[in-house]
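The values are calculated or read from the model by the stated rules, or taken from the named source; none is laboratory data. The shown structure was predicted, so the numbers you read here are calculated from the model rather than taken from an experiment. Quick reminder, even Gly has a Cβ in these numbers, built from the backbone with ideal geometry, and neighbours come from all protein chains shown.
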Amino acid sequence: MAKKPTGSKTYAQLSAELSEIMDWFEGGEVDLDEALAKYQQAAKLIEQMEKHLKTAANKIKKLNA
Amino acid sequence: MQDVILTPSDFVALLNQTLEFAYPAVSIEGELSNFRISKNRWVYFDLKDEQASVPFFGTVYMLPGPLQDGLMVRAVGSPRLHARFGFTLNLQSLVPVGEGALKKAAELLRAKLTAEGLFAPERKRFLPPIPERVGLVTAANSAAYADFVKILNERWSGVEVLLSDVYVQGDQAPGQIVEAIEMLNRLSNLPEVIVITRGGGSAEDLAAFNDERVVRAVAASRVPTLVAVGHEVDFSLAELAADVRASTPSNAAQLLVPDRAAELAHLDAKRQTLKRDLASAYDGAVMELVNRRDALVSQITNVLNAQSQQLQSLRRLIKLFDPQAALKRGYAIIRKGSKIVSSIDQVKIGDHLNLQVQDGTISAKALTKSPKLRAESSRL
C-alpha cells in the first residue's frame, strides 16, 4: 500500500469531494449556515491536497518479472 | 563404431543424444520457404539459402505473426532425428530479420489485426486522471526507465509503481512482455494503468512491439494500457493496440499523471473561488433580509394608506352630518326649552322657542302652525 499522508483518502477522492462542494456553491440559492460549514470543509480539503502534493513520494515496487 | 550393430530405433536415440549434447539449440537465419500451418496448430517451414534447405517444425504459439515465403527470418531450434519423419529442427523461436522482412511482417500482421478490429478507436479507454497504482513493463536498467521515473517524480506524488523488469528486445522479449502484462492483470489489487515502454532503436530492436503475441496481450489487457516506444516515424502495432500512445517514455509520464505545479495553482484558484462564493452567499443572505424588510415595510405602508383613506372618507362623511354646515346653509335648529323641535306636534301656539342660527340665537314665539301637504312635496 502506498503511503498516504492524507489519511485514508486518496488524492483523487479528496479532489472529488472538493468538486462536489464547489458544484454545490454554483447551484444558486445557498443557505448561509451551510455555506460556512462547506467552506470550512473545502478549505480543509485543499490543505490536505496541498500537503499531499508537497510531501508524498512515489514508490517503486519491483515485482518478479 | 561400424562394428556395433544397432537397430534403427537405437540409432535414432543415439543420434538424438549426440545432437542434444552437441547442439542443444542453434540459430539459423535464412529465407522462409514452404511455410504452412496445419490444423491451426502445427507449423512447418524450411529455411534456405542458395545451396541448402533446413526443415523446421513448431506450433503456432511460437509465431511472431503472419509470415510468408520469401521473408528473411531467424529461427532458433533443436535439431532432432524423428523416429519416422526424418530430420527436423524443433522450433523454439522465430523472428523476421532485416528491415525489409520486419516491415513486411508488420504489414501482414497489421492487416490481419485491423480486420479483427483490434485497433478500432471505439475500443480505446480513458486513463484515470489521477492514478495511484500503475504497472510498469520495461527494462529496469534502461534510459527509458530512468526517464519515465524522473518525469514521474517531477510531476506527481503518491503513485505506487509496480515494476516488471523485462527484456524489451531479443528473442526472449515477446514472451516476457506478454507474461508481465498478464501477470499485472491477474493481481488481486489491480493497477489502474499499465505502462509498457522502451526507448528508440533499430527495426530489429523494436521487433517485439510488432510481435503478434505482444500486440494481442496489450489489446486483451483488462487494465487500460499506455504504450510508448521511442520511435519517431511509424507506430508499432503494440502502440496501435494500446488505449493511449505516448511518443517517448518521458511523454508517457506526462500523459499518465498531472503536473504538481499546475495542480497547486488550480487549488489556489479554487481557494479564491470559494472565498468569492462564500462572500456571495453572505451578500445573498443580506440581500434576502433587506428584501424581506422592504416587503414588510411596503405591506405596512399599504395597510396604513388604506386605513388613512378610510379615515378620510369617514371624515368627509361626518362633515356632511355636521350641524354647523347645515346652519351655514341657512337652516336653524329650533329648541323648545332644551328639546330640539323636529315636528309641529311638539309646539303649541304661543310657545316660546329658541332659534339657533349659525351666528347666534333668536327668541321667537309660535304664532301659527300648518302641516306640510303631501301633494305639495311630491310636486317638488
For this session: Would you check which residues across region B:136-155 are farther than 11 Å from B:D165 by Cα and more than 8 Å from every other protein chain (Cβ to nearest Cβ) and list them?
Result: B:A143, B:A144, B:A146, B:D147, B:F148, B:K150, B:I151, B:E154, B:R155
Problem set entry | Verdict on B:R293 being away from every other protein chain (no Cβ under 14 Å), in a helix (DSSP H, G or I), farther than 30 Å from B:S363 by Cβ and modelled with pLDDT under 90 | no
Exercise. Hey, does region B:190-201 have a residue that's within 24 Å of the chain's Cα centre (by Cα), buried (at least 17 other Cβ atoms within 10 Å of the Cβ) and part of a helix (DSSP H, G or I)?
Worked result: no
Exercise. Looking at B:A146, is it touching a helix residue (DSSP H, G or I) at 6+ places or on another chain (Cβ under 8 Å) and among the hydrophobic types (A, V, I, L, M, F, W, C)?
Worked result: no
Problem set entry | The lone exception for B:S78 - which of (1) within 14 Å of another protein chain (Cβ to nearest Cβ); (2) touching a strand residue (DSSP E or B) at 6+ places or on another chain (Cβ under 7 Å) it fails | (1)
Seminar exercise, completed: Looking across region B:157-171 at residues that are at the interface with chain A (Cβ under 7 Å from one of its Cβ atoms) and assigned to a loop (DSSP other than H, G, I, E, B), the single one that is nearest to B:R198 (Cα to Cα) is B:V166
Problem set entry | Hits in region A:44-58 - residues which are surrounded by 15 or more Cβ atoms within 10 Å (Cβ to Cβ) and at pLDDT 85 or above | A:L45, A:I46, A:Q48, A:M49, A:E50, A:H52, A:L53, A:N58
For this session: Kindly list, by first and then second residue, each pair from a residue in region B:120-144 that is crowded, with 16+ Cβ neighbours inside 10 Å to a residue that is small (G, A, S), limited to pairs with Cβ atoms under 6 Å and residues at least 6 apart or on different chains.
Result: B:I130/A:A12; B:V137/B:S164; B:V137/B:A180; B:T138/B:A144; B:A144/B:G199
Exercise. Scanning for something in contact with a helix residue (DSSP H, G or I) (Cβ under 6 Å, 6 or more places away or on another chain) and in a loop (DSSP other than H, G, I, E, B), does region B:84-107 turn up at least one residue?
Worked result: no
Problem set entry | Subset tally (residues that are over 49 Å from the mean Cα position of the chain (by Cα), closer than 12 Å to B:A25 by Cα and of a type outside the set (A, V, I, L, M)) for region B:78-92 | 4
Seminar exercise, completed: Scanning region B:351-368 for residues that are more than 14 Å from B:S338 (Cα to Cα) and surrounded by fewer than 13 Cβ atoms within 10 Å (Cβ to Cβ) gives B:D359, B:G360, B:I362, B:K365, B:L367, B:T368
